[in-house]
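For reference, the structure discussed in these notes is given below.
The values are calculated or read from the model by the stated rules, or taken from the named source; none is laboratory data. All values reported here derive from a predicted model rather than from experimental measurement. Positions of Cβ are backbone-derived with ideal geometry, glycine not excepted, and every protein chain shown enters the neighbour counts.
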Amino acid sequence: MTRLLLNSCARIVCAVICFYLFLAAPQPISATIRYTISLAHPEQHIFNVTMEIPNVSQEVSVQLPAWNALYQIRDFSSHVRQVRAFADNNSARLQKVDKQTWKLSGSGTMKVQYSAYWDEPGPFSAQLNSEHAFLNLALILFYVPSRREESIQLLVTDTAERWKAACALTHAKADSGSQIQFTAPTYDELVDAPIEFSSFDEFTLPGVSPPVHVVVHGDNWKKNEIQEQLKKICLYEISLMDGAPYDEYTFIFHIGRAAAGEGGGMEHANSTAIYVPSGEALPNVSAHEFFHLWNAKRIRPASLWPVDYTKEQYSRALWFSEGVTNTYSSYTLVRTGMWNKQDFYDDLSRQMTELESRPAGKWQTVEESSLDAWLEKYNLYNSPQSSVSYYTKGQVLGVLLDLLIRERTDNTRSLDDVLRAMNADFARNGRFYRDDIDIQLTAEKISGVAFEDFFQKYISGAEPLPYPEVFASAGLELQIRESKRAALGFSTQRNDNGILIVETVDPENLPLITKLKAGDEILYWNGGEVPRGAERWAAQRKAGEILRLKVRREGKEETVEVPLIETKERLYQVVESEHADEKAKRIREGLLRGKTTQLANRK
């Protein structure tokens with residue numbers, strides 16, 4: 001008995017000692033990592049960066065993401081030069097470990113300084129010139145892999161006197177007029193908020209709550225028109241999804257001359273960056289990017305979280321994150337009256353025509369297309385024989401799934417209900433859904449019927465899509481006609497200097513392969529300028545007509561003559577049936593208007 005008591009006392013004393021030793025030991029300090037970016041001499045296109053890392057013990061590694069925004073490994077470190085390290089303002093040992101990682105040796109507060117050259121327009125890049133600065137920060141800022149959760153301060157200095165800053169991050173003017181400070185809770189949240197510096201125009205959408213701010217850098221746009229379009233888009237999608245998931249939201253637009261280069265839009269948690277040639281192109285891409293607030297940014301597949309910046313991050317669900325977001329951008333436009341129903345049918349018809357024109361659709365599933373998104377930077381992969389687009393097929397699948405849900409529930413449920421349920425079950429609870437299976441299970445929960453067959457055949461499988469029977473349930477018909485036209489037989493793309501480059505040559509056209517090669521620069525077209533739309537030019541000619549090209553290959557110029565080929569195409573067109581019954585009409589109107597017979601009872 002005494003021995004047991006002594007052992008018990010000893011254990012208690014040891015526990016007390018360990019507790020006080022724990023209190024006395026140095027505890028992890030919640031640190032703030034600081035960055036400074038200088039925009040001095042914007043004509044040189046160089047971002048000069050200083051990163052300060054506190055509380056370093058002996059050594060620390062820093063990395064630059066290999067990818068961001070696009071599903072492509074782009075190796076942003078290729079833009080980096082002159083990396084140096086300091087410990088307490090003294091030079092420190094620096095070792096490059098791999099293409100995107102550096103190891104710094106020292107202790108205390110470590111600094112790393114470097115420059116990054118960027119002059120690429122578009123929502124997926126970064127640019128610094130005399131007109132503006134656009135910062136996608138993941139392309140520019142190093143991070144500490146083990147400390148991505150620490151708070152961030154970013155100071156941008158040497159901004160042009162006339163420039164303002166637009167960003168979804170909290171920011172304030174520093175003491176000096178040419179300095180602006182930003183804060184973020186984590187590195188991930190920092191790099192999910194692009195920054196625009198320029199003498200842009202700005203306004204806040206009236207009647208939209210929470211507030212939506214609009215920033216426009218460029219020309220060829222009308223404020224009243226854009227304001228009304230964006231207001232309709234935001235109000236409809238916020239209502240559709242039972243409320244907004246942000247405190248404030250910012251549209252950053254580059255329009256007209258300011259949108260030179262790669263157009264399109266990129267979604268972020270509380271903002272978007274959009275490049276379009278004119279205000280006319282703005283509604284569709286804006287509706288798409290705003291809907292990403294829910295689908296992709298918050299209704300997020302588990303395969304895409306947490307973000308791994310070092311390598312490819314594969315997901316089978318991009319058809320849903322991107323393609324079904326396309327479905328909802330078209331729904332938004334027709335349901336708000338910016339499109340009439342014929343516009344909606346024509347857009348859907350174009351997607352089906354594009355989808356069905358690609359031979360790869362016979363074998364590549366939309367899951368495989370999602371997984372293979374990382375191959376899209378390769379020209380061969382983008383050919384019709386090699387792939388289908390998860391954007392295009394996902395948009396069509398979204399409409400088909402919506403119609404099936406409406407038909408099987410007599411229009412009492414819809415795909416709208418599926419998105420709202422996923423928002424409630426996953427996004428609002430901080431959960432991520434399992435690729436495809438949770439989409440299927442949610443559709444089944446909402447509708448009360450099985451969808452395993454649909455997902456096996458058309459999502460996991462590559463069976464022909466059931467257009468006739470599904471469209472018939474909504475009083476719609478699919479008309480198909482065949483046509484022949486002339487085509488180039490090779491694909492092209494303009495480089496950063498505006499020169500048309502041969503991307504791929506039709507592998508089945510042997511005579512053409514012997515004359516043209518991928519990478520050829522096309523200097524003259526039939527003795528004159530190269531047309532802006534080369535394929536459209538060919539479509540207006542006759543097959544067999546000779547096209548004379550002057551090309552530059554490996555520094556040498558030569559003239560080649562290539563015949564235009566003949567291509568067959570099947571054109572798809574959705575039309576309303578004259579024989580639709582009342583149920584089909586209800587489903588059709590429900591699709592076009594976003595209504596179900598249960599809408600009045602939805603809370």
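The residues listed here are Y345, Y331, Y275; of these, the one that is over 14 Å from the mean Cα position of the chain (by Cα), touching a residue at least 24 places away in the same chain (Cβ under 8 Å) and surrounded by 23 or more Cβ atoms within 10 Å (Cβ to Cβ) is Y331.
With respect to I499, is the statement that it is within 35 Å of the chain's Cα centre (by Cα) and outside the structural domain of W118 (by TED's automatic domain parsing) true? Considered against the rule, which asks whether it is within 35 Å of the chain's Cα centre (by Cα) and outside the structural domain of W118 (by TED's automatic domain parsing), I499 comes out as yes. Within region 88-102, restricting attention to residues that are on the phi < 0 side of the Ramachandran plot and over 32 Å from the mean Cα position of the chain (by Cα), which residue is modelled with the lowest pLDDT? Checked region 88-102; the qualifying residue modelled with the lowest pLDDT is N90.
Residues that are among the aromatic types (F, W, Y) and outside any helix (DSSP H, G or I) were ranked within region 356-384; the one that is surrounded by the most Cβ atoms within 10 Å (Cβ to Cβ) is Y381. Looking at region 304-328 only, could you name the residues that are in a helix (DSSP H, G or I) and either within 24 Å of I480 (Cα to Cα) or out of contact with any Phe, Trp or Tyr (no Cβ under 6 Å at 6 or more places or on another chain) (or both)? Hits for region 304-328 are L304, F320, S321, G323, V324, N326, T327. Annotation for region 569-592: at least one member residue is at pLDDT below 90, among the acidic types (D, E), within 38 Å of the chain's Cα centre (by Cα) and not assigned by TED's automatic domain parsing to the domain that holds N495. Take the conditions (1) surrounded by fewer than 14 Cβ atoms within 10 Å (Cβ to Cβ); (2) in a loop (DSSP other than H, G, I, E, B); A193 misses just one of them, which is (1).
The set of residues in region 125-143 being part of a loop (DSSP other than H, G, I, E, B) and surrounded by 20 or more Cβ atoms within 10 Å (Cβ to Cβ) consists of S125, A126, H132, N136, I140, L141, F142.
Looking at region 385-440 only, could you name the residues that are β-branched (V, I, T) and assigned to a helix (DSSP H, G or I)?
T392, V396, V399, I405, V418, I437, I439, listed by residue number.
Out of all the residues in region 196-238, which are part of a loop (DSSP other than H, G, I, E, B), hydrophobic (A, V, I, L, M, F, W, C) and closer than 22 Å to D119 by Cα? Once the filter is applied, which keeps residues that are part of a loop (DSSP other than H, G, I, E, B), hydrophobic (A, V, I, L, M, F, W, C) and closer than 22 Å to D119 by Cα, region 196-238 yields only F200. Can you tell me which residue in region 145-172 is surrounded by the fewest Cβ atoms within 10 Å (Cβ to Cβ), limited to those that are touching a strand residue (DSSP E or B) at 6+ places or on another chain (Cβ under 6 Å) and either assigned to a loop (DSSP other than H, G, I, E, B) or without any contact (Cβ under 8 Å) to a residue 12 or more places away in the chain (or both)? Of everything passing the filter in region 145-172, A172 is surrounded by the fewest Cβ atoms within 10 Å (Cβ to Cβ). Annotation note: of S78, S105, the sole residue that is more than 30 Å from F124 (Cα to Cα) and modelled with pLDDT of 95 or more is S105. Identify the single condition in (1) modelled with pLDDT of 95 or more; (2) within 24 Å of the chain's Cα centre (by Cα); (3) of a type outside the set (S, T, N, Q) that I405 does not satisfy, given that it satisfies every other one. Answer for I405: the failing condition is (2). When A427, A421 are screened for being surrounded by fewer than 20 Cβ atoms within 10 Å (Cβ to Cβ), over 30 Å from Q493 (Cα atoms), hydrophobic (A, V, I, L, M, F, W, C) and at pLDDT 95 or above, only A421 passes. Selection over region 232-261 of residues that are farther than 20 Å from D192 by Cβ, free of Cβ contacts under 8 Å to residues at least 40 places away in the same chain and under 19 Å from the mean Cα position of the chain (by Cα) gives a count of 1.
Residues are listed down the side, and each one gets a yes or a no for (1) hydrophobic (A, V, I, L, M, F, W, C); (2) in contact with a helix residue (DSSP H, G or I) (Cβ under 6 Å, 6 or more places away or on another chain); (3) buried (at least 18 other Cβ atoms within 10 Å of the Cβ); (4) within 17 Å of F142 (Cβ to Cβ):
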| site | (1), (2), (3), (4) |
| --- | --- |
| S57 | no, no, no, no |
| L64 | yes, yes, yes, yes |
| A92 | yes, no, yes, yes |
| L104 | yes, no, yes, yes |
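In region 218-230, which residue that is within 24 Å of the chain's Cα centre (by Cα) and at pLDDT 95 or above is farthest from S178 (Cα to Cα)? The residue in question is Q229. Filtering region 55-76 to residues that are hydrophobic (A, V, I, L, M, F, W, C) and either assigned to a strand (DSSP E or B) or not assigned by TED's automatic domain parsing to the domain that holds L137 (or both) leaves V56, V60, V62.
For (1) within 28 Å of N423 (Cβ to Cβ); (2) of a type outside the set (V, I, T); (3) in the same structural domain as L128 (by TED's automatic domain parsing), each residue gets a yes or a no:
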| residue | (1), (2), (3) |
| --- | --- |
| A193 | yes, yes, yes |
| Y246 | yes, yes, no |
| G264 | yes, yes, no |
| A281 | no, yes, no |
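Residue-level check: of (1) surrounded by fewer than 20 Cβ atoms within 10 Å (Cβ to Cβ); (2) over 14 Å from the mean Cα position of the chain (by Cα), G264 misses just (2).
Is at least one residue of region 35-43 over 22 Å from K311 (Cα atoms), modelled with pLDDT of 95 or more, within 30 Å of the chain's Cα centre (by Cα) and assigned to a helix (DSSP H, G or I)? Yes, because at least one residue in region 35-43 is over 22 Å from K311 (Cα atoms), modelled with pLDDT of 95 or more, within 30 Å of the chain's Cα centre (by Cα) and assigned to a helix (DSSP H, G or I). Under the condition of being in contact with a Pro (Cβ under 6 Å, 6 or more places away or on another chain) and either among the basic types (K, R) or in a helix (DSSP H, G or I) (or both), the residues counted in region 260-298 number 1. When region 375-390 is filtered for residues that are of a type in the set (A, V, I, L, M, F, W, C) and under 19 Å from the mean Cα position of the chain (by Cα), the ones remaining, listed by number, are L375, V388.
Do we have N326 as within 21 Å of V574 (Cα to Cα), surrounded by fewer than 21 Cβ atoms within 10 Å (Cβ to Cβ), in contact with a helix residue (DSSP H, G or I) (Cβ under 9 Å, 6 or more places away or on another chain) and at pLDDT 95 or above here? The answer is no for N326.
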